[in-house]
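Beneath this line is the structure, given in structure tokens, with notes to follow.
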Amino acid sequence: MLNAFQAHINSKPLFLKNSKLLVAISGGIDSVVLTHLCHKIGLDIALAHCNFNLRGKESDADEDFVLELAEDLELEVFIESFDTKAFAKDEKLSIQMAARELRYHWFLELTEQLKFDYVLTAHHADDNLETFFINLSRGTGLDGLLGIPEVNNHIVRPLLPFSKEDIESYAKKHQLKWREDSSNGSTKYLRNKLRHDVIPVLKEINPHLLQNFAKTQMFLKDSKCIVEDKILDVFNKVIKPMDDSTFSLNIEEIKKLNHPKTYLYELLKDFGFTEWEDVVDLLDAPSGKYIKTNTHRLIKDRDFLLLSVNQTDKTQIIHISETYNIVEIPLGTLFFDEADAILETSKTVIYVDKDVLKFPLSIRKWEEGDVFYPLGMTGKKKLSKYFKDEKFSMLDKENVWLLCSDDAIVWVIGKRADNRFKVTENTKQILRIELK
């Protein structure tokens, strides 16, 4: 296995051989073998061990074992102790998910603070097969069938081509010591049930299961490349950016596609959407209907679906005293300056009679029933009617903020000023307000 591992590392154009590496080590056979292999071929490694304090003295013994191994191999080692149960309770996570979050967050901190290039984990071919079946049982797309990626940002898994049998054979041949995690024998977890009850039967039926699975994944990865090329073509036809955080999806173009649901899945899967029938239903829904995830929202607006980041709380109000010159708001930055005359006006620059204002001013989201007196017009107008006349989209309306004096609207910011605060021949103090 050592020669095969050396060849595998050499096939990765030096990116591991020339890097500073952190090996995630539990003390179990997989991570111990990974440590010995990396040490044998001369990689620049240090060790990182998490004590999750889930198995009492057994967890502490694992920590002691890793410390002893690091000393024997003359390697730097980092140890972190976690109150995993408390974290899981606070974050409403399973113990397994809590341990995963704690582990990878700490690894990221170490890589950033101590300038490690990559973290190596000991996932192997059998782990990959288990992950495939877990994803399959829960329902998944093509990405889930691809299993564990060998490289994922700063995480690298150099043992993925090797089986559990390979690892055990190497450990026994070299008389390595390791720790056994008693929880690995429990079948209350899905992964362990697959490991002990399902996969051995499949291997008995087909002794070449792992090799055939590796071929299948290779074919799936090739298929993914074809899918991604097609999705990119569709993306350029269907999706257009409106601003830095908002995109429009052309409904007519989507409906021309064979299997619109499949394309919508590929286009939107990274934004947290899971109820794909609801997404498809939006194509024929009335304007204003939407669905949300924790981070994004998809809104039907006439001939488009609008994808945007979830909106700021409507109750947010920003107060501005007379002494403020610069104010940060969700739309950008407001600059307040006294002026001698009106030089230029635009949607982003207005001039008002300062003496008519009542400080502190306020900035808030618009609400149903809001009325203003549009500059250049006589009489008042409901904002909702103004939006309709100006053909505002749903997202345009949601991004409207108002500059107010008491209850009166001074400026529909970036859109239209109010006639009641305009500069006249009687104005003594002119205030210039600009949005950048």
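The values are calculated or read from the model by the stated rules, or taken from the named source; none is laboratory data. Keep in mind it's a predicted model, so treat the numbers as computed, not measured. Cβ sites come from the backbone with ideal geometry, for glycine too, and all protein chains shown count toward neighbours. Just so you know, the surface numbers come from the protein's heavy atoms only, side chains and all, with ligands and any DNA or RNA stripped out. Shrake-Rupley method; radii C 1.70, N 1.55, O 1.52, S 1.80 Å.
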Here are some residues: Ile342, Ile350. Which one is assigned to a loop (DSSP other than H, G, I, E, B) and in contact (Cβ under 8 Å) with a residue 24 or more places away in the chain? Ile342
Can you spot a residue in the stretch 169-181 that is open to solvent by 60 Å² or more (accessible area, probe 1.4 Å), at pLDDT 90 or above, among the polar types (S, T, N, Q) and in a loop (DSSP other than H, G, I, E, B)? yes
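Conditions (1) open to solvent by 70 Å² or more (accessible area, probe 1.4 Å); (2) touching a residue at least 24 places away in the same chain (Cβ under 8 Å); (3) among the hydrophobic types (A, V, I, L, M, F, W, C), marked per residue:
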site: Ser223; (1), (2), (3): no, yes, no
site: Asp229; (1), (2), (3): yes, no, no
site: Leu232; (1), (2), (3): yes, no, yes
site: Pro241; (1), (2), (3): yes, no, no
site: Thr246; (1), (2), (3): no, yes, no
site: Glu253; (1), (2), (3): no, no, no
site: His259; (1), (2), (3): yes, no, no
Exactly one of these conditions fails for Thr348: (1) at pLDDT 90 or above; (2) in contact with a Phe, Trp or Tyr (Cβ under 9 Å, 6 or more places away or on another chain). Give me its number. (2)
Go through the residues of the stretch 40-53 one by one and say whether even a single one is of a type outside the set (Lys, Arg), in contact (Cβ under 8 Å) with a residue 60 or more places away in the chain, crowded, with 19+ Cβ neighbours inside 10 Å and under 30 Å from Asn10 (Cβ atoms). yes
Condition check: under 42 Å from the mean Cα position of the chain (by Cα), under 19 Å from Ile329 (Cα atoms) and of a type outside the set (Asp, Glu). Does Leu431 satisfy that? no
I'd like the residue in the stretch 367-402 that is assigned to a loop (DSSP other than H, G, I, E, B) and among the hydroxyl-bearing types (Ser, Thr, Tyr) and, out of all such residues, is modelled with the highest pLDDT. Tyr373
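Any residue that is open to solvent by less than 50 Å² (accessible area, probe 1.4 Å), touching a helix residue (DSSP H, G or I) at 6+ places or on another chain (Cβ under 8 Å) and either without any contact (Cβ under 8 Å) to a residue 40 or more places away in the chain or hydroxyl-bearing (Ser, Thr, Tyr) (or both) - is there at least one of those in the stretch 190-204? Even if it seems obvious, please write down each step before you answer.
Residues of the stretch 190-204 that are open to solvent by less than 50 Å² (accessible area, probe 1.4 Å), as a first pass: 192, 194, 199.
Of the ones still in play, those that are also touching a helix residue (DSSP H, G or I) at 6+ places or on another chain (Cβ under 8 Å) are 192, 194, 199.
Pick out the ones that are also either without any contact (Cβ under 8 Å) to a residue 40 or more places away in the chain or hydroxyl-bearing (Ser, Thr, Tyr) (or both) and you get 192.
Within the stretch 190-204, one or more residues are open to solvent by less than 50 Å² (accessible area, probe 1.4 Å), touching a helix residue (DSSP H, G or I) at 6+ places or on another chain (Cβ under 8 Å) and either without any contact (Cβ under 8 Å) to a residue 40 or more places away in the chain or hydroxyl-bearing (Ser, Thr, Tyr) (or both).
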Members of the stretch 320-339 found to be open to solvent by 60 Å² or more (accessible area, probe 1.4 Å), over 20 Å from Glu398 (Cα atoms) and either in contact with a Phe, Trp or Tyr (Cβ under 9 Å, 6 or more places away or on another chain) or free of Cβ contacts under 8 Å to residues at least 12 places away in the same chain (or both), listed by number: Glu322, Thr323, Tyr324, Asn325, Ile326
For the stretch 122-134, state whether one or more residues are under 30 Å from Thr216 (Cβ atoms) and in contact with a strand residue (DSSP E or B) (Cβ under 9 Å, 6 or more places away or on another chain). yes
Glu71 fails exactly one of (1) open to solvent by 40 Å² or more (accessible area, probe 1.4 Å); (2) in contact with a strand residue (DSSP E or B) (Cβ under 7 Å, 6 or more places away or on another chain); (3) closer than 18 Å to Gln175 by Cα, namely (2)
Answer residue from the stretch 363-411, given it is over 26 Å from Arg297 (Cβ atoms) and either in contact with a Pro (Cβ under 6 Å, 6 or more places away or on another chain) or hydroxyl-bearing (Ser, Thr, Tyr) (or both) and is surrounded by the fewest Cβ atoms within 10 Å (Cβ to Cβ) among those: Thr378
Which members of the stretch 279-303 meet the condition of being closer than 21 Å to Asp143 by Cβ and assigned to a helix (DSSP H, G or I)? Val279, Val280
